[in-house]
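For reference, the structure discussed in these notes is given below.
The values are calculated or read from the model by the stated rules, or taken from the named source; none is laboratory data. Since this is a predicted model, take the numbers as computed values, not measurements. Reconstructed Cβ throughout: ideal geometry from the backbone, glycine too, with neighbour counts over all protein chains shown. Accessible surface is based on the protein model in full, side chains and every heavy atom, while ligands, DNA and RNA are left aside. Shrake-Rupley method; radii C 1.70, N 1.55, O 1.52, S 1.80 Å.
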Amino acid sequence: MRLLDGRSMAADIGRAVVDDVERLAATGVTPTLAVVLPTVDEAARSYVRVIERSAAKVGVACAVHELSGDPAQLIDTVDRLAGDPSVHGMIVQTPLPGALTAAEVGARVPVGKDVDGMNPLSLGQLALGLPAFAPATAAAVLEILTRAEVPLAGARACVIGRSSVVGKPAALLLLAENATVTVCHSRTKDLAAVAHEADIVVAAVGRPKMVGSGYVRPGAVVIDVGTNWTDAGLVGDVDADAVASVAGALTPVPGGVGPVTTMLLLRNTVRAAGA
Ligand code: NAP
């Protein structure tokens, strides 16, 4: 079984990002990512620290705006950053305060700065095959498969999860590469049997170790998007020990999709800055 090492892939992407940052610097541009933390939330804060560290390594400026949980303050901040020409990329972390939805807030992020595909227009563009930033996690799934040289055209792919941030955009990206895509969710019947048909299984469920060996056909490539904090620490949606004896390739958790996701946010920021 091949372990698909997201950390080394992220390092490779990072080297290309550094080249782009240097080219932009020569034109007087410092690519800048604004990260909005709408509420005081420890989990979101620790993810933002990961982004800050990675940004510092590649030379992307990262400005964190930690807010108090006031919906009006969030809207004001997003609108201000949207209009600030020194900000090239924007992301807004969850949870959101009050009754605000991700679609409402995302709609205020200009598509050109929408480096994590939060604006509903970005997802629409993606669905139509038009240029837009895909949500970074979904893009990371494709990036890993591509870097691992997994054949996609004609492959049967099963995406477990249909959220707007991971499952749906990952399915659209796989479809754009001519995979034959099945999208599964909590109402799917005989889920294990459906997944077992696939050459590629993408697990984006949010249930620790749900995907066992019965979901994976021998030799299939398994991408584990899950990040679940349990008493045993961070675990994926895939039961890696069980699946390792069946799968042809698997992303570890941690060290798989996560690091690639973070680096793609930064690559998108550099692209948004004109690289
Ligand atoms: P989400 O919004 O909660 O969506 C979960 C999806 O899984 C839903 O479509 C849901 O179906 C489906 N589902 C839930 N229970 C199921 C079951 N028993 N059988 C089949 N499908 C089931 O979660 P998300 O935001 O997409 O995130 C998914 C996972 O990825 C989480 O572990 C999250 O932490 C992780 N994640 C990782 C990264 C990263 O960078 N590595 C980034 C984002 C998210 P319904 O639609 O029918 O409810």
Practice item. Please indicate, with yes or no, whether at least one residue in the range 33-47 is among the hydroxyl-bearing types (Ser, Thr, Tyr), touching a residue at least 40 places away in the same chain (Cβ under 8 Å) and not in a helix (DSSP H, G or I). Key: yes
Check your understanding: In the range 118-132, how many are crowded, with 17+ Cβ neighbours inside 10 Å and under 23 Å from THR180 (Cα atoms)?
Key -> 5
Practice item. Just name the residue that is nearest to LEU172 (Cα to Cα) out of those in the range 223-239 that are small (Gly, Ala, Ser) and open to solvent by less than 50 Å² (accessible area, probe 1.4 Å). Key: GLY226
**Study point:** Of residues in the range 144-156 being in a loop (DSSP other than H, G, I, E, B) and out of contact with any Ser or Thr (no Cβ under 8 Å at 6 or more places or on another chain), the one least open to solvent (accessible area, probe 1.4 Å)
**Key:** ALA148
Practice item. Would you be able to say whether some residue in the range 158-176 is under 19 Å from MET1 (Cβ atoms) and surrounded by 17 or more Cβ atoms within 10 Å (Cβ to Cβ)? Key: yes
Review point. Of the residues VAL181, VAL159, VAL165, VAL221, which single one is more than 10 Å from the ligand (Cβ to nearest atom) and either closer than 27 Å to ALA102 by Cβ or of a type in the set (Ser, Thr, Tyr) (or both)?
Key: VAL181
Practice item. Tally the residues that are in a loop (DSSP other than H, G, I, E, B) and in contact (Cβ under 8 Å) with a residue 40 or more places away in the chain, restricting the search to the range 120-139. Key: 2
Revision key, fill the gap. Exception for GLY124 within (1) closer than 24 Å to CYS62 by Cβ; (2) not assigned by TED's automatic domain parsing to the domain that holds VAL64 falls at (1)
Revision key, fill the gap. Here the qualifying pairs (Cβ atoms under 7 Å; residues six or more apart or on different chains; first in the range 176-189 and in contact (Cβ under 8 Å) with a residue 12 or more places away in the chain; second assigned to a loop (DSSP other than H, G, I, E, B) and open to solvent by 80 Å² or more (accessible area, probe 1.4 Å)) come out as VAL183/ARG162; HIS185/ARG162
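One line per residue, one yes/no per condition, for (1) closer than 17 Å to THR146 by Cβ; (2) not aromatic (Phe, Trp, Tyr):
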site: ALA170; (1), (2): yes, yes
site: GLU197; (1), (2): no, yes
site: VAL211; (1), (2): no, yes
site: TRP229; (1), (2): no, no
site: ALA232; (1), (2): no, yes
site: VAL253; (1), (2): no, yes
site: PRO259; (1), (2): yes, yes
Review point. What residue, of ALA220, ALA192, ALA198, ALA203, is open to solvent by less than 50 Å² (accessible area, probe 1.4 Å) and without any contact (Cβ under 8 Å) to a residue 24 or more places away in the chain?
Key: ALA192
Exercise for review: From (1) part of a loop (DSSP other than H, G, I, E, B); (2) within 24 Å of ARG271 (Cβ to Cβ); (3) more than 13 Å from the chain's Cα centre (by Cα), pick out the condition that doesn't hold for GLY117.
Suggested key: (3)
Point to revise | From the options VAL202, VAL246, residue that is within 14 Å of the ligand (Cβ to nearest atom) and among the β-branched types (Val, Ile, Thr) | key: VAL202
Review point. Taking ALA34 and the conditions (1) out of contact with any Leu (no Cβ under 7 Å at 6 or more places or on another chain); (2) among the small types (Gly, Ala, Ser); (3) open to solvent by less than 20 Å² (accessible area, probe 1.4 Å), which numbered condition does it fall short on, given that it satisfies the others?
Key: (1)
Review point. Residue check: is PRO135 within 14 Å of the ligand (Cβ to nearest atom) and open to solvent by less than 20 Å² (accessible area, probe 1.4 Å)?
Key: yes
